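Taking it in order: structure first as structure tokens, then the write-up.
The values are calculated or read from the model by the stated rules, or taken from the named source; none is laboratory data. Predicted model, so just to flag it, every value in this text is computed and none were measured. Here the Cβ is made from the backbone with ideal geometry for all residues, glycine too, and neighbour counts use every protein chain on show.
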Amino acid sequence: MVKRLFFAISLLVVLIVVAMTGYRLLGGPGISFLQALYMAVITLAGVGYGEIVDTSHNPALRIFNIGIVLIGVAMTVYVFSVVAAFLVEVEITNPFWRRRMQKRINELQDHFIVCGLGDTARYALAELKQTGTAHVVVEVSEDNIRKSRELYPEVFEDLLYVIGDATEEEVLERAGIERARGLIAALPHEKDNLVVTVLVHQRFPKIRIVVRSASRKFADRMMRAGANATVSPSHIGGLRMASEAIRPHVVGFLDIMLKEQSKTTRIEEIEVRESSPWAGRALQDLNLKGRYNLLVLGLKNPHATEAEVIVNPPDQATVFGPSVVIALGDTKDVQSARQEANAHHP
């Protein structure tokens, strides 16, 4: 980046020298060094001041000035873009800025850690940001962070991240693994995802671990190593293609929730602990539809397996603690319901 900045400034200086030389040679003996420099600067800057070197009666000088203006506009835009990129990089690498960011990371609770910054991780980050879920990225390359910010500013704006190898315990500790709610392992190499899974599960068995795995063989290993779920991009892509063909209207409905930036409607989980004011009450008494505009889609009571979730539960169904209420609604309404559900939890 420093070389690019030096090159851009050098080009600008050369253009100023060429412009000054042309103004003095074509403008006549009465043009001083300061006048030529001033004319070059106001022409390249495009500030609109009056010509200090009169070009109205000198066609050659006017043609020369047109060339300086055209080249100068392009050159100025290039120089400003390089300078802006340099300032952003300086800000990112600034030790004071890093300390401020690490302080913010240290204050997080129940956040998610995303390991890697590939396409899979980027879509995961977009969803975490859209739903207002706290998260930290662990990435080995500072340059990848910078490029991602340039390409997808809406996703990586105000991003909290840690630079380092996610397979190292010290790096995960800097990302707040001991306070995290979950981890998404989306590193490009599956062996690295396996190492992260083993490392985290051994020390923090209660953290939910979701792993990217393109290979069925590695997916089985991930689950045995402690992953709670594995996701295959090709598998998900195939299911999506089949759904587009079979049930396009359903897919369109889901896309409204997931793709439109202005929409924050999601199918969310509300955990109900034993000390919750919701525990022991029927769904009709909670009146989630009337008070929070939430549509209850499922209910998972204690000791139930994934297959034993009650789909479309009746209003008389009792919410025991601990349990999970699965509801459709705006993420802000879900957050409000979560706060009430766990209001008495210490």
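Worth pointing out:
- Pair list, Cβ under 7 Å, 6 or more apart: the range 128-152 residue in contact (Cβ under 8 Å) with a residue 40 or more places away in the chain and surrounded by fewer than 15 Cβ atoms within 10 Å (Cβ to Cβ), other residue assigned to a helix (DSSP H, G or I) and of a type in the set (A, V, I, L, M, F, W, C): Glu142/Ile92
- Residue that is farthest from the chain's Cα centre (by Cα) [pool: residues in the range 190-228 that are surrounded by fewer than 20 Cβ atoms within 10 Å (Cβ to Cβ), modelled with pLDDT of 90 or more and of a type in the set (S, T, N, Q)]: Gln202
- Cβ separations smaller than 9 Å between residues 6+ apart or across chains give the following pairs from the range 110-124 residues that are under 20 Å from Val200 (Cα atoms) to residues that are polar (S, T, N, Q) and not in a helix (DSSP H, G or I): His111/Thr133; Phe112/Thr133; Cys115/Thr167; Leu117/Ser141.
- Looking across the range 258-280, the residues that are without any contact (Cβ under 8 Å) to a residue 60 or more places away in the chain and exposed (fewer than 15 other Cβ atoms within 10 Å of the Cβ) come down to Lys259, Glu260, Ser262, Lys263, Glu269, Glu274, Gly280.
- Being under 25 Å from the mean Cα position of the chain (by Cα) and not assigned by TED's automatic domain parsing to the domain that holds Val136 holds for only one residue in Leu254, Leu183, and it is Leu254.
- The residues listed here are Asp143, Asp110, Asp119, Asp158; of these, the one that is within 24 Å of Phe218 (Cβ to Cβ) and out of contact with any Gly (no Cβ under 6 Å at 6 or more places or on another chain) is Asp119.
- Subset tally (residues that are surrounded by 21 or more Cβ atoms within 10 Å (Cβ to Cβ) and farther than 15 Å from Ile207 by Cα) for the range 163-185: 2
- Every test in (1) free of Cβ contacts under 8 Å to residues at least 24 places away in the same chain; (2) touching a His at 6+ places or on another chain (Cβ under 9 Å) is passed by Gly182 save one, and that test is (1).
- Which numbered condition Arg247 fails, given (1) surrounded by 12 or more Cβ atoms within 10 Å (Cβ to Cβ); (2) in the same structural domain as Pro188 (by TED's automatic domain parsing); (3) not β-branched (Val, Ile, Thr): (2)
- Residue within the range 83-91 that is touching a residue at least 24 places away in the same chain (Cβ under 8 Å) and either of a type in the set (Asp, Glu) or not assigned by TED's automatic domain parsing to the domain that holds Gly22 (or both) present: yes
- The one condition from (1) over 31 Å from the mean Cα position of the chain (by Cα); (2) at pLDDT below 90; (3) acidic (Asp, Glu) that Asp285 does not meet is (2).
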